[in-house]
Structures are given as structure tokens and as C-alpha cells.
Amino acid sequence: MRITRSHIRRIINEELERVQPVRRVKKIGARELRSMILKEARSVLVEHTIPDSNADINDMDAEAVWDIMVGEAEGADELLGALGSATGWAGGALKKVGAGDGEGLKAVAEKVWGADGKSKFVANVASIVSALGSSEGYAKPDMPAFEGGDGPAVADALSEPGAINIDIGADHGGDTPDFEEYLEYEDIADEEEAEAVKKSEKESEEKNESYTAQESRVMKQWGKMAGLLELKSDDRFPFVGPNKVMPGAPNLGDEGSIDIGAIKGTAKKFLTKGKGNKGDEAGVAMNQSLSNTAMKPTQTNVKAAKTLLFALLNTGEDMEGAFASSDGEIIDGHHRWSGQRLRTGGDVDHTGVHIIDKPSGMGTKEFLTMLTVLGTALGRPTKLK
């Protein structure tokens with residue numbers, strides 16, 4: 001965001017209204033007025049650089065960030081602080097490539113984009129923002145959150161052969177597309193299994209309760225930044241809520257491997273409802289290559305700090321098992337995409353992409369809802385940030 005004269009004028013007017021009573025006009029000297037303007041202008045500059053690791057790239061003034069990186073403006077320590085907290089490993093990785101201080105940050109930035117790379121950097125940020133503005137998905141707390149090793153389990157769930165198969169097509173399990181209605185007619189006959197289900201669902205619920213008021217505020221901030229409606233689950237794909245798993249699924253978070261045999265109760269019923277039915281195929285091609293420019297974000301926002309971090313470190317060319325649709329829509333791995341777009345302008349082919357065939361006639365939001373709910377049934381809660 002560029003600070004224009006009209007922006008400064010608005011700041012002055014707002015500040016004057018704040019410090020001056022409506023009916024009693026107080027004279028303000030030139031020195032005091034100048035101090036007020038500088039104070040407010042600095043706060044706007046900070047807000048639209050990268051003030052912290054959660055800042056949205058849509059709000060970032062790319063020219064100001066470049067000036068800070070190459071030492072033409074103050075704020076390198078603050079910028080490095082935001083970058084260093086973008087991930088748990090960021091600080092050490094920045095030091096490893098020589099970007100642990102202001103001089104090092106400048107050297108790495110100029111190596112990536114060139115000493116006169118300001119226009120390239122700004123254009124690449126604009127390219128990211130433009131692509132995000134065309135996305136059709138949800139905010140992060142409602143998006144699928146698969147991990148790199150989840151490919152086989154997802155492929156199993158989206159195809160008839162194998163242990164599981166979710167209900168996608170018109171030929172529905174129990175002769176109904178409504179999963180809640182389907183559950184009413186499905187009883188767990190074996191008492192021993194019922195007891196295991198009860199224990200599993202209790203453990204899942206305990207972890208689900210860790211979704212605190214603070215996390216709720218984070219989710220609302222994402223929604224506000226994204227300008228998106230929250231995910232609306234349909235009858236086939238019941239969403240249990242952000243950062244939760246479906247009852248009966250072990251809450252794996254972003255760690256561990258999916259164990260189909262450990263999934264019980266409601267989650268197991270969801271994962272097997274499509275077995276024996278027609279039209280429940282959505283193939284998954286594992287470890288494919290896909291160009292950065294062919295990939296389309298389904299989130300409308302990504303974090304500025306994480307994007308810049310990945311660009312500086314050259315992280316994300318290998319997507320390491322991230323998923324995309326056959327239409328090129330990014331299901332997860334948005335920051336790997338945005339980091340490489342910022343670094344290269346899109347001139348890179350990503351490897352390690354799992355490509356899911358989007359079922360014919362299924363829209364983007366419906367497709368994402370299906371995958372988000374599938375993730376929760378496999379034990380992968382959505383992520384809040």
C-alpha cells in the first residue's frame with residue numbers, strides 16, 4: 001500500500017478531530033502538527049511493511065519492504081524479527097544463509113533479485129496479490145490441512161479399491177446423501193468395538209476442546225483479512241469446525257502418520273460410506289510436476305513474512321507432497337507457491353505435487369469442503385495460522 005497525499009490528509013483530519021473538541025478549537029503550532037503527522041505516518045508505514053509474522057501480504061507496501069531490506073530505510077531488525085518468527089526453524093535458517101543481520105539480509109536480497117531488483121520485487125508481490133484476489137476458496141481455518149506423507153491415505157479415500165472410500169457420487173451409501181441421516185441407520189453391533197469407539201471419540205473431543213477463545217479470535221482475524229464466508233458444510237460433508245477432527249479420528253495435528261486402522265466410530269463411517277457405490281472415484285496422481293504459473297491459490301491471503309522467508313531461502317520448489325487439483329488449484333502449500341512466485345516471478349516448476357482429479361461438475365468450494373472434511377476424518381484438523 002502506497003501512502004498518498006490523500007492518505008496523509010485523512011490522517012491529519014482524523015488526528016485534528018481527535019485532539020480538538022468540536023466546539024472549542026485549539027490552536028496547534030507547526031511543530032506540534034508536524035510531530036503528529038510524523039507519528040501517524042510512521043505507524044502507517046509499520047503497519048504496511050511486515051510488523052509481525054501474521055501480517056497479510058495483501059496489506060504489504062512492497063517498495064517500503066524492499067527499502068528496509070537493502071538498508072535504504074530503517075527497520076531491518078524489526079523485519080528480521082518478523083521473518084525469524086514465521087516458522088519454528090526460520091531464525092536458524094536465516095543465519096545459515098548469512099541473513100542473520102541487516103547487512104546479511106541486504107546481501108541475500110540483492111543476490112536473489114539483483115542490486116537494482118526493486119522493480120522486480122514489487123512486480124512479483126503484485127503478481128501474488130493479483131492471484132490471491134482471484135481465488136475462490138476459504139480462509140485458512142476452513143482449508144484442508146494435509147501433510148506430505150498423507151498422499152496414500154487420501155488416494156485410498158478417493159477411490160473404490162482399498163480399505164476406505166468416501167461417498168462422492170450420486171449412488172449414495174444407505175440411499176441417502178445426508179451423512180447424519182445415514183448414521184441413524186448404522187449401528188455399531190460389536191460391544192468391544194463400541195467401547196473402543198467411545199474411548200477414541202472421547203480422546204478426540206478432549207483435543208478438540210483445546211480450541212480456545214484465543215484461537216477463535218485468530219480464526220476471526222483470518223476471516224476478516226480474507227473477506228470470506230466461513231465454510232458451509234453440506235449434507236454429504238459435515239464439518240466439525242476449525243482445528244477439530246471428526247469424532248472417532250485420532251487428533252494427529254500436523255504430526256505422525258495416518259493409521260486407517262486407528263479410526264473408529266463416526267469418522268470410520270464417513271470414510272467407508274462410499275464403499276460399493278458408483279461414482280466415488282477421484283484419482284490422485286502422486287509426486288507430479290506443476291509450473292508455478294499454472295497453480296491457482298484457493299486462499300485469498302498468505303502471510304507476508306512466511307512468503308518472504310521462503311523466497312530468501314529458496315524454499316518450496318519441491319512441494320514435498322502438497323496437493324493441487326487437476327485444474328491447478330492449490331489445496332495446501334500456498335506459502336511454498338507464494339515464496340517461489342516472489343523469488344522467481346513464477347519461472348519455476350514445482351516437484352512433489354499430488355494432483356487430485358476434481359470430480360466432473362464439482363465447484364471449487366464444494367471440492368475444498370469435501371477435502372477439508374476428509375482431512376478431519378483422517379485425523380488432520382484444519383490450521384488456524
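Efficiency by 1/(1 + (r/R0)^6): what FRET value for Ala30 and Asp77, r their Cβ-Cβ distance, R0 = 45 Å, to the nearest 0.05?
Result of the calculation: an efficiency of 0.90.
Multiplying the sequence separation of Thr87 and Ala123 by 0.36 nm and subtracting their Cα-Cα distance, what value in nm do you get?
Contour length minus the Cα-Cα distance gives 10.4 nm.
If we count every other residue with Cβ under 9 angstrom of Thr382's Cβ, Lys/Arg +1 and Asp/Glu -1, where does the sum land?
Counting the neighbours of Thr382, the net charge comes to +3.
With θ set to phi - 60°, apply the Karplus curve 6.51 cos²θ - 1.76 cosθ + 1.60 along segment 99-112 and write out the HN-Hα couplings as whole Hz, x wherever there is a Gly or Pro.
For segment 99-112, the Karplus curve yields 9, x, 9, x, 5, x, 4, 4, 4, 5, 4, 6, 5, 6 Hz.
Could you list which residues have their amide H under 5 Å from that of Asp280, counting only those 5 or more apart in sequence or on another chain, with H placed in the peptide plane?
Here Gly169 satisfy the definition.
Please give me, ordered by residue number, the chymotrypsin sites (Phe, Trp or Tyr not before Pro) of segment 102-189 that lie in loop per DSSP and have at most 11 other Cβ atoms within 10 Å.
Here the chymotrypsin sites (Phe, Trp or Tyr not before Pro) that fit, given the DSSP loop and packing criteria, are Tyr185.
Convert each backbone phi in segment 115-125 into a coupling constant with the Karplus relation 6.51 cos²θ - 1.76 cosθ + 1.60 (shift: θ = phi - 60°), then list the ³J(HN,Hα) values in order as whole Hz, x for Gly and Pro.
Listing the rounded values in order: 4, 10, x, 4, 5, 5, 4, 4, 5, 5, 4 Hz.
First check a/c for segment 71-181, with a ≥ b ≥ c the square roots of the eigenvalues of its C-alpha gyration tensor; if it is under 1.5, answer rounded, and if not, answer prolate when a/b is larger than b/c or oblate otherwise.
prolate
When the Kirkwood radius is taken over all Cα pairs of segment 268-385, what Stokes-Einstein diffusion coefficient follows at 4 °C and 1.567 mPa s, in µm²/s?
85 µm²/s
Every number here is computed from the coordinates shown, using simple stated rules; none is lab data. Keep in mind it's a predicted model, so treat the numbers as computed, not measured. Using ideal geometry, Cβ is built from the backbone for each residue, glycine included, and neighbour counts are taken over all protein chains shown.
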